Amino acid sequence: MSDTTHGGAIVTSEPPRSPDDGLSPAELAAKYGLTVSGARPSLTEYVRQLWARRHFILAFSRAKLHAQYSQAKLGQVWQVLTPLLNAAVYYFIFGLLLGGRGGMDNDEYIPFLVTGVFVFTFTQTSVMSGVRSISGNLGLVRALHFPRASLPISFSLQQLQQLLFSMIVLVVILVGLGHYPGPLWLLVVPALLLQFLFNTGLAMTMARLGSRTPDLAQLMPFVLRTWMYASGVMFPLAYMLEKANAPGWLAGVLEANPAAVYMELMRYALIDGPHHQSLDGHVWLLAAGWAVVVGIGGFVYFWKAEERYGRG
């Protein structure tokens, strides 16, 4: 900056120095209390934010549940009809044509099959909803600031509500075939809670992967179909492994996979038959272990990418 004197001489003067001169952007932000928009909060704060939005999570899951079949004439009936039709197809193929019932009569095999279909569908739909929970809701993610884990949790909760509707039909089938309520039916509650925790953690893991790789939604149906056949949904897993002379280590791996574990718990609790009268104690340990490891691990894995969702 320059000034002209009365004698015509030009005198150069320096502009006044600002107290912020020489400060880095980080130092300026700290000085004036600025924070990064959408920055990832601490894990404890993140949990607190999720709890504060619990009513939104519940309302969003209910809205999605009602909207899912809003264009169909039968509406919410499809929530139950779809897995029942799948069970009917599997009964015809595996129960009649391929002889995969493992010596069970119809009054035991039909509840075995329907329970397996309902329980596996719970995990299957939670995973598929999780894959699309971020990539399929980018408008909401970019428009509003909220903990992004609300979305996969809400979708898993939607699938739990759908399963509870299906359980009403399952109870009717069980009673109609002579399997009446007893003390073991109370085990359904902890079994479903453990599976819900597992499903939610898996959905959050897939939500993070799906947010960066949208093509994952096209691949997952093939992965889930393979998982279904390897979990004994339509046939007793131990019977088929013995029939195929499978090595012991393979039988151990397949029987310990989470889908098979949660189905075994539900079948033991609900079905009164010679093939479901005992349950090894380690099955509950496996169910709890899968729920804790995948549930908590998936939550932390999702939280670590919180600030990247909806960007780019």
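Just a few scattered comments:
- Yes/no for F165 being open to solvent by 10 Å² or more (accessible area, probe 1.4 Å), touching a Lys or Arg at 6+ places or on another chain (Cβ under 9 Å), touching a residue at least 60 places away in the same chain (Cβ under 8 Å) and of a type outside the set (K, R): no
- Qualifying residue in the range 274-286 (condition: more than 17 Å from the chain's Cα centre (by Cα), open to solvent by less than 30 Å² (accessible area, probe 1.4 Å) and under 21 Å from Y90 (Cα atoms)): yes
- Matching option when the condition is within 24 Å of V127 (Cα to Cα) and in contact with a Pro (Cβ under 6 Å, 6 or more places away or on another chain), among A203, A230, A217, A256: A203
- Breaking point among (1) out of contact with any Gly (no Cβ under 8 Å at 6 or more places or on another chain); (2) open to solvent by less than 50 Å² (accessible area, probe 1.4 Å); (3) among the aromatic types (F, W, Y), for F198: (1)
- Within the range 130-153, the set of residues being buried (at least 24 other Cβ atoms within 10 Å of the Cβ), part of a helix (DSSP H, G or I) and among the small types (G, A, S) comprises G130 only.
- Any helices (runs of 4 or more DSSP H) falling wholly within the range 229-273 and containing at least 2 residues that are over 14 Å from V114 (Cα atoms) and in contact with a Ser or Thr (Cβ under 8 Å, 6 or more places away or on another chain): 258-270
- When R208, R212 are screened for being open to solvent by 70 Å² or more (accessible area, probe 1.4 Å) and of a type in the set (K, R), only R212 passes.
- Taken as a whole, the condition of being surrounded by 12 or more Cβ atoms within 10 Å (Cβ to Cβ) and closer than 17 Å to V127 by Cα applies to G297.
- In the range 269-312, residue farthest from G176 (Cα to Cα) [restricted to those that are among the aromatic types (F, W, Y) and modelled with pLDDT of 90 or more]: W303
- Verdict on G178 being assigned to a loop (DSSP other than H, G, I, E, B) and out of contact with any Phe, Trp or Tyr (no Cβ under 9 Å at 6 or more places or on another chain): yes
- Residues of the range 73-101 satisfying the condition of being at pLDDT below 75, within 25 Å of the chain's Cα centre (by Cα) and loosely packed, with under 14 Cβ neighbours inside 10 Å: G75, V77
- Count - residues of the range 102-129 that are surrounded by fewer than 18 Cβ atoms within 10 Å (Cβ to Cβ) and assigned to a helix (DSSP H, G or I): 2
- Residue that is nearest to the chain's Cα centre (by Cα) [pool: residues in the range 144-163 that are at pLDDT below 85 and among the hydrophobic types (A, V, I, L, M, F, W, C)]: F146
- Selection of the range 251-292 for residues being closer than 30 Å to P41 by Cα and touching a residue at least 12 places away in the same chain (Cβ under 8 Å) yields A288, W290, A291, V292.
The values are calculated or read from the model by the stated rules, or taken from the named source; none is laboratory data. What you see is a predicted model, and the numbers here were worked out from it, not measured in a lab. In this analysis, Cβ positions are derived from the backbone assuming ideal geometry, glycine residues included, and neighbour counts consider all displayed protein chains. Areas reflect the complete protein model, heavy atoms only, side chains present, ligands, DNA and RNA absent. Shrake-Rupley method; radii C 1.70, N 1.55, O 1.52, S 1.80 Å.
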